[in-house]
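Asks: Handing you a structure now.
Where a number appears in this text, it was derived from the coordinates with a stated rule and is not lab data. None of the values given here were measured: they were computed from a predicted structure. Methodologically, a virtual Cβ is constructed for each residue, glycine included, from the backbone with ideal geometry; neighbour enumeration extends over all protein chains shown.
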Amino acid sequence: MGRLRHCTSPGWTYFVTTKAWQSMSVFQVQEIAEILVRKILEYRDRKSYLLHEFVLMPNHLHLLLTPSQSVTLEKAIQLIKGGSSHEIHRVRGESTQIWQSGFHEARVRDWLDFKKKVDYIRFNPVAAKLVQRPEEWPYTSASGKFALDPIPQGLKPAKQGPVNVGPKGPTPNTASKGAGT
């Protein structure tokens, strides 16, 4: 059986899921989780991708990201997984398998899709009954501790112009005074 093919293109935003080796809960170890989060942020800071949201669960990772024009989605995930594995092995003196091979991606189509993915990521630890509120989970962008990139321009909702109502709005036409009185 061949590898999964990824239908990707520069400038697209993706919801990505990747799992720990054999779905083991390796990321419940604080040191390992912190290394992985540092690597996610490091490659964001290096401009390999725009990072919109993420959550690291005990046995998997969800990301909402837009690869840079010079980095493919496959390369961005390779940087995160390979970089974190290398650092975990170096720091812990182990050479155990960290990641399941491959990943699953879904292209984010529009603002509504983006919002749904953000909510899914943020509430993943709540749904797993790890915390009661998204911001309580330490390994998520919902914690408010990590710098994120804004939603890409092409996914922003269409701006509606200001509604011209209220005291400075136009006065509706009224029948002329005196007519019919």
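Asks: Once R0 is set to 35 Å, what does the formula 1/(1 + (r/R0)^6) return for the Cβ-Cβ distance between GLN28 and LYS115, expressed as a FRET efficiency to the nearest 0.05?
Replies: Plugging the Cβ-Cβ distance into 1/(1 + (r/R0)^6) gives 0.75.
Asks: I'd like the trypsin sites (Lys or Arg not before Pro) in the stretch 18-126 restricted to DSSP loop residues with at most 12 other Cβ atoms within 10 Å, sorted by number.
Replies: ARG46, LYS47, ARG109
Asks: Here is a further query. Cα gyration tensor of the stretch 97-140, axes a ≥ b ≥ c as square roots of the eigenvalues: rounded (a/c below 1.5), prolate (a/b > b/c) or oblate?
Replies: The shape class here is oblate.
Asks: Which one of THR96, THR72, TRP111 is farthest out on the positive end of the charge dipole of the stretch 43-168, using unit charges on Cβ (Lys, Arg +1; Asp, Glu -1) and the Cα centre as origin?
Replies: Selected residue: TRP111.
Asks: Residue separation times 0.36 nm, minus the C-alpha to C-alpha distance between HIS104 and ALA128: what's the value? Can you show the working numbers first?
Replies: Values: separation 24, 0.36 × 24 = 8.64 nm, distance 2.00 nm.
Length gained, HIS104 through ALA128: 6.6 nm.
Asks: In whole Å, largest first, what are the principal axis extents of the Cα atoms in the stretch 17-167?
Replies: 69, 39, 24
Asks: How long is the gain from ARG92 to GLN78 if the chain were fully straight, where each residue apart is worth 0.36 nm and the alpha carbon distance is subtracted?
Replies: Computed gain between ARG92 and GLN78 is 3.0 nm.
Asks: Mind listing which GluC sites (Glu not before Pro) in the stretch 88-137 are in a DSSP loop and have 15 or fewer other Cβ atoms within 10 Å? Walk me through the numbers before you get to the answer.
Replies: Numbers: sites: GLU94, GLU105, GLU135, GLU136; in loops: GLU94.
Passing both the DSSP loop test and the Cβ count: GLU94.
Asks: Dipole size in debye (nearest 20) for the stretch 1-106 around its Cα centre, Lys and Arg Cβ +1, Asp and Glu Cβ -1?
Replies: 260 debye
Asks: Which pairs, out of LYS117/LYS145; LYS75/LYS115; LYS39/LYS116; LYS39/LYS156; LYS81/LYS116, put more than 23 Å between their alpha-carbon atoms?
Replies: Violating the 23 Å Cα-Cα cut-off are LYS75/LYS115; LYS39/LYS116; LYS39/LYS156; LYS81/LYS116.
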